[in-house]
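Just below is one structure, and these are the notes that go with it.
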Amino acid sequence: MLRKEYLSSWVMGIFTVAQYVCFLFFQNEDANLLLSLIGWLIWAISIVFGFWPMFIFKKKGGVQKGQSYMHTTVLVDSGLYRIVRHPQYLAGILLNLALILVSQHWLIVCLGIPSMLIMYFEIQHADRLEIEKFGDAYRRYMEKVPQINFFAGIFRLLTHNDKELDRKD
């Protein structure tokens, strides 16, 4: 049975799977090579943001033995989570963008844009859930670390010292 709170995730999943399937069959033969190469680079970056959190949560998230990495009991704010708060959502958005840039086909664009938008709204929902779970600690974390803007997160790391970043106002 489809639960109401998971409806947007299901819709996003359907758009994303449809985008993958179309990617296999539809390519723009006049595609711009540079855009396609940028798309492959973005795809590679999305893999890092998609899979690295699984290892970070297992190691630092207080996950009980035998539980999924998603069952964290500790707020993780180190490693990749010092750069962005939602690396796996970012991975999904980047993956959709990569498919659009590599294929450069109108159908894949039409499927990818709604999927990316739904993911963005899911991020807002995820922040609310994390506030419920971790309270003020998560609010402070939100002030320091961008949702998905990894450029801002990297810039922040490069321009601030560790004591500034770890300050618990």
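Dividing the helix sum by the residues of the chain, where each DSSP H run of 4 or more adds -39500 (n - 2.57), gives a mean residue ellipticity at 222 nm of -23000 deg cm²/dmol.
Just checking the listed ones, 79, 153, 112: in the Gaussian network model of the chain with Cα springs under 10 Å, the one fluctuating most is 79. Relative contact order of the stretch 40-133: 29 percent, from C-alpha pairs under 8 Å at least 6 residues apart in sequence. Estimated from the Cβ-Cβ distance and a Förster radius of 35 angstrom, the FRET efficiency linking residue 25 and residue 140 is about 0.15. Membrane-span-like helices in the chain (whole DSSP H runs, Cα extent of at least 20 Å along the helix axis, mean Kyte-Doolittle hydropathy of at least 1.0): 7-25, 33-60, 87-103. Taking packing as the residue-averaged number of other Cβ atoms within 10 angstrom, the listed peptides 83-96, 131-144, 114-127 run from highest to lowest as 83-96, 114-127, 131-144.
Suppose R0 equals 35 Å; then what is the FRET efficiency for residue 59 and residue 113 from their Cβ-Cβ distance, rounded to the nearest 0.05? Kindly include the intermediate steps, with their values, before the conclusion.
Values: r = 35 Å, r/R0 = 1.00.
Efficiency, rounded to the nearest 0.05: 0.50.
With the simple spin-label model, which puts each label point 7 Å out from Cα in the Cβ direction, the residue 14 to residue 106 separation comes to 2.3 nm.
State the label only: which of [x] 48, 41, 39; [y] 39, 38, 30; [z] 54, 46, 27 corresponds to Cα extents along the principal axes in Å computed from the shown model? It is the value labelled [z]. Here the calculated FRET efficiency for residue 132 and residue 51, from their Cβ-Cβ distance with R0 = 22 Å, stands at 0.25, rounded to the nearest 0.05. Each of 121, 31, 70 was placed along the dipole of the stretch 11-166 (beta-carbon charges, centred on the mean Cα), and the one lying farthest toward the positive end is 70.
Throughout, read-outs are computed from the coordinates displayed, never taken from laboratory work. It should be emphasised that the depicted structure is a prediction, and the values quoted were computed from it without experimental measurement. As a convention, Cβ positions derive from the backbone with ideal geometry for all residues, glycine included, and neighbour counts pool all protein chains shown.
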